[in-house]
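Okay, so here's the structure we're looking at.
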Amino acid sequence: MELRKLGKILGKIMILEAILMLAPLTVGFIYKESFIHILAFLVPIIALTVIGFLLQIPKPSRHNLYQKEGFALTAMVWIVMTLFGAIPFVINGAIPNYADA
């Protein structure tokens, strides 16, 4: 299994999630939300962007993606998007415990 290839694709998806989180951040600025609501989206956006770019640094030795890697990548994407997507709710205080998110 080519872990560098999985990391590269996962990094791109993490950057895509960070870009998609810019929409609620923009709405928060438009409606002049409090600082904690703005910070609730800034923290995961910055974390997703930094981790996403770091995962893209290693160059994969091959560019094919096999079925086993596809299954692993799908599971990793679901887990990562769920973990980072819950962060704004926890920082905001809407969900008091991260495990409940």
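Brief remarks on what is shown
- Where Ile79, Ile51, Ile38 fall by accessible area, highest first, once all protein chains stay in place (1.4 Å): Ile79, Ile51, Ile38
- Cα gyration tensor category, rounded, prolate or oblate, for segment 37-78 with a/c compared to 1.5: oblate
- By accessible area, using a 1.4 Å probe on protein heavy atoms only, the chain has 74% of its surface on carbon and sulfur.
- Rounded to the nearest 20 debye, dipole of the chain from Cβ charges on Lys, Arg, Asp, Glu: 480 debye
- For the chain, the fraction of C-alpha pairs farther apart than 20 angstrom is 45 percent.
- Accessible area per residue, Å², the chain with all protein chains present, probe 1.4 Å: 64 Å²
- Helical content alone sets the calculated 222 nm signal of the chain at -23500 deg cm²/dmol, taking -39,500 (n - 2.57) per DSSP H segment of four or more residues and averaging over every residue.
- In loop segments of segment 1-94 as defined by DSSP, the chymotrypsin sites (Phe, Trp or Tyr not before Pro) with at most 10 further C-beta atoms inside 10 Å of their C-beta are Tyr31.
- Span-like helix ranges in the chain, DSSP H, alpha carbon extent 20 angstrom or more, Kyte mean at least 0.0: 3-20, 35-55, 67-85
- Along the chain, the exposed loop sites are trypsin sites (Lys or Arg not before Pro) outside DSSP states H, G, I, E and B with at most 14 other Cβ atoms within 10 Å, and the longest stretch free of them is 63-101.
- Distance between segment 1-57 and segment 73-101 - C-alpha centres, whole angstrom: 13 Å
The values are calculated or read from the model by the stated rules, or taken from the named source; none is laboratory data. Note that this is a predicted model, so its numbers are computed, not measured. Here the Cβ is made from the backbone with ideal geometry for all residues, glycine too, and neighbour counts use every protein chain on show. Accessible surface is based on the protein model in full, side chains and every heavy atom, while ligands, DNA and RNA are left aside. Shrake-Rupley method; radii C 1.70, N 1.55, O 1.52, S 1.80 Å.
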